[in-house]
Amino acid sequence: MKLLLDIGNSRIKWACAEGGRLVGAAAAAVLPHGGAVLEELLASWAVLQAPSGGVLGVSVAAPRIAREIDDWVERHWACHLQWLTTPRAGGGIQIAYPQPAALGADRWAAMVAARHRGCLPACVVDCGTAVTLDAVDGAGRHLGGVIVPGLGAMRRSLTERAHQLPAVGDGCIEALATDTPTGIRSGTLLGLAALIDGLVDRLAERSGLPLQPLLTGGDAALLLPWLTRRYEHAPNLTLEGLAVLAEEGI
Ligand SMILES: Nc1ncnc2c1ncn2[C@@H]1O[C@H](COP(=O)(O)OP(=O)(O)OP(=O)(O)O)[C@@H](O)[C@H]1O
Ligand SMILES: CC(C)(CO)[C@@H](O)C(=O)NCCC(=O)O
Ligand SMILES: [K+]
């Protein structure tokens, strides 16, 4: 049993893995960041047995979070803990960046999972704090990709910059909105969906490949009904990729 960690800028996702697969129905527990919450996460691990196969993780958040986890694991489990950085080639994926380590390891792991699912050539769309799109050809060559603000970042930037625009929560989506919160909620969600559809087309056109779009990340389920292309929804693609890397070797 291995413990897998996917630490993003908004949430920490974790799962156990055995034989290359995520174990348990609640494969990914999610927690917003913050000192108290990290403490809560670590307290919830205290009831787990030390993972015999150690801990394997990716983190794209502030280094202090990984450091706190390092300390906790060392104090409680004394097991092997490894944070992955993106290699030039690994998990059946060859990275397009001239400096591969500059590509978020969460993006690499998600591409590994797309390959393992037999979805190549693919466009991996991760809808988190940032939305990333990565094109991978049929042989596992990463061709490149793009980064745009995620739904929360879009909404917050409006609220922070425009005096009369409120923060918005969940609610109805209506393109012909007749109040401000509905206008912001709908404009950002429908706009992000159109942006994702448009970028998937653009990456497919640019690569000259019929890319299969895969959708993952915290906002994937919210966006899915508004997307027009046929997406494969894979809620925990980065954790899935980590499970594959843990099994196949890195
Ligand atoms: N329970 C939740 N807590 C916080 N955010 C949630 C929750 N459920 C869905 N979300 C949405 O998920 C988004 C974060 O998605 P995700 O966890 O995939 O991002 P992340 O991996 O932390 O970010 P990144 O990797 O881009 O830094 C938030 O912006 C929010 O809109
Ligand atoms: C883009 C995010 C924030 C998505 O989680 C992460 O993968 C990251 O910080 N990447 C580093 C920059 C890059 O991938 O080009
Ligand atoms: K992520």
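The values are calculated or read from the model by the stated rules, or taken from the named source; none is laboratory data. Source: prediction; values computed, not measured. Ideal geometry is used to build each Cβ from the backbone, glycine not excepted, and the neighbour counts take in all protein chains shown. Surface accessibility is based on the protein's heavy atoms, side chains included, excluding ligands, DNA and RNA. Shrake-Rupley method; radii C 1.70, N 1.55, O 1.52, S 1.80 Å.
Points to keep in mind about this one:
- Protection proxy ranking of 135-142, 78-85 - average other beta-carbon atoms within 10 Å, highest first: 135-142, 78-85
- Contact order relative to length of the chain, as percent, for alpha carbon pairs under 8 angstrom and 6 or more apart: 21
- For Arg141, distant residues with modelled amide H under 5 Å away: Gln94
- Database remark: amide H of Ala15 closer than 5 angstrom to the amide H of Leu4 (H placed geometrically; neighbours at sequence offset of 5 or more, or on other chains; Pro and chain starts carry no H).
- Residues Ala62 and Ile250, FRET efficiency given R0 of 25 Å [Cβ-Cβ distance, rounded to 0.05]: 0.55
- Signed unit charges on C-beta, dipole axis of the stretch 41-96, positive-most listed residue Val55, Ser44, Gly92: Gly92
- Accessible surface, the chain, averaged per residue in Å² (probe 1.4 Å): 48
- Span-like helix criteria (full DSSP H runs; alpha carbon extent of at least 30 Å along the helix axis; mean Kyte-Doolittle hydropathy of at least -1.0) are satisfied in the chain by 180-207.
- Taken over the Cα atoms of the stretch 2-85, the convex hull encloses 91 Å³ per residue.
- Taking the C-alpha atoms of the chain, convex hull volume expressed per residue in Å³: 137
- Expected 222 nm ellipticity per residue - DSSP helices of 4 or more, -39500 (n - 2.57), all of the chain, to 500: -11500 deg cm²/dmol
- Here the peptides 6-12, 243-249 are ranked by packing, the mean other Cβ count within 10 Å, and the order with the highest first is 6-12, 243-249.
- Ligands, DNA and RNA left out, the accessible area of the stretch 1-121 computed with a 1.4 Å probe is 52% carbon and sulfur.
- In this label model, Val23 and Leu158 are separated by 4.4 nm, measuring between points 7 Å along each Cα→Cβ vector.
- Point-charge dipole on Cβ atoms (K/R +1, D/E -1) for the chain, about Cα centre, debye to 20: 360
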